[in-house]
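The values are calculated or read from the model by the stated rules, or taken from the named source; none is laboratory data. Please read these numbers as outputs of a predicted model, since none were measured by experiment. Counting neighbours? That spans all protein chains shown, and the Cβs are built from the backbone with ideal geometry, glycine included. Ligands, DNA and RNA are stripped out before the accessible areas are found, and what is left, the full protein with its side chains, is counted by its heavy atoms. Shrake-Rupley method; radii C 1.70, N 1.55, O 1.52, S 1.80 Å.
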Amino acid sequence: QVQLVESGGGLVQPGGSLRLSCAASGSIFSIMTMGWYRQAPGQQRDLVASITSEESTNYADSAKGRFAISRDNAKNTVYLQMNSLKPEDTAVYYCNALARSTRWSPPREFWGQGTQVTVSS
């Protein structure tokens, strides 16, 4: 099993910045894609950004130009730098990983517990 632990959420004023981190641990053979999703109250969970092991990135339109995803493969960690935050960015942010626990395991999706990001004055 792969465990994902997020950190870095909190309360920030509009226009401010936050950096989220997500560290993967446990039985890890390989991690393919890592990403961040978010879910606001009463809404579905949507992709914010993702990054492959080759560091190819993908962003939601709402994140382009403001957010930057990166990863440290040696630390099995993914980061999300969020700048110019808006009240509509308020949500629980979840870390996601597509990973193999062993050489023989099929790829599986794993989720973190989520971290709250609140953008408010």
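Listed here are the residues, each with its yes/no results for (1) farther than 23 Å from SER101 by Cα; (2) open to solvent by less than 30 Å² (accessible area, probe 1.4 Å); (3) among the charged types (D, E, K, R).
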site: GLU6; (1), (2), (3): no, yes, yes
site: THR52; (1), (2), (3): no, no, no
site: ALA63; (1), (2), (3): yes, yes, no
site: ILE69; (1), (2), (3): yes, yes, no
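Do we find that THR118 is in contact (Cβ under 8 Å) with a residue 60 or more places away in the chain and either over 17 Å from GLN3 (Cβ atoms) or open to solvent by 40 Å² or more (accessible area, probe 1.4 Å) (or both) in this structure?
yes
If a residue must be open to solvent by less than 30 Å² (accessible area, probe 1.4 Å), of a type in the set (A, V, I, L, M, F, W, C) and in a strand (DSSP E or B), how many such residues does region 19-43 contain?
The total comes to 6.
Starting from region 19-36, take each residue that is under 20 Å from TYR93 (Cα atoms) and list its partners that are open to solvent by less than 30 Å² (accessible area, probe 1.4 Å) and in a loop (DSSP other than H, G, I, E, B), counting only C-beta distances under 7 angstrom and pairs at least six apart or across chains.
These pairs meet every condition: CYS22/GLY112.
Enumerate the pairs (first residue in region 100-113 and closer than 11 Å to ALA24 by Cα and open to solvent by less than 60 Å² (accessible area, probe 1.4 Å); second residue anywhere and at pLDDT 95 or above and acidic (Asp, Glu)) with beta-carbon separation below 8 Å, excluding pairs fewer than 6 apart on the same chain, so at least 6 apart or on different chains.
GLY112/GLU6
Take ALA97 and tell me if it is open to solvent by 20 Å² or more (accessible area, probe 1.4 Å), among the small types (Gly, Ala, Ser) and either part of a helix (DSSP H, G or I) or modelled with pLDDT of 95 or more (or both).
Judged against the criteria, ALA97 is not a match.
Out of all the residues in region 82-93, is one or more surrounded by fewer than 15 Cβ atoms within 10 Å (Cβ to Cβ) and at pLDDT below 95?
Looking through region 82-93, none of the residues is surrounded by fewer than 15 Cβ atoms within 10 Å (Cβ to Cβ) and at pLDDT below 95.
Can you name every residue in region 43-63 that is farther than 14 Å from TYR94 by Cβ, modelled with pLDDT of 95 or more and not aromatic (Phe, Trp, Tyr)?
Hits for region 43-63 are ILE51, THR52, SER56, THR57, ASN58, ASP61, SER62, ALA63.
If only one of VAL12, VAL78 is under 23 Å from GLU109 (Cβ atoms) and crowded, with 17+ Cβ neighbours inside 10 Å, which one is it?
It is VAL78.
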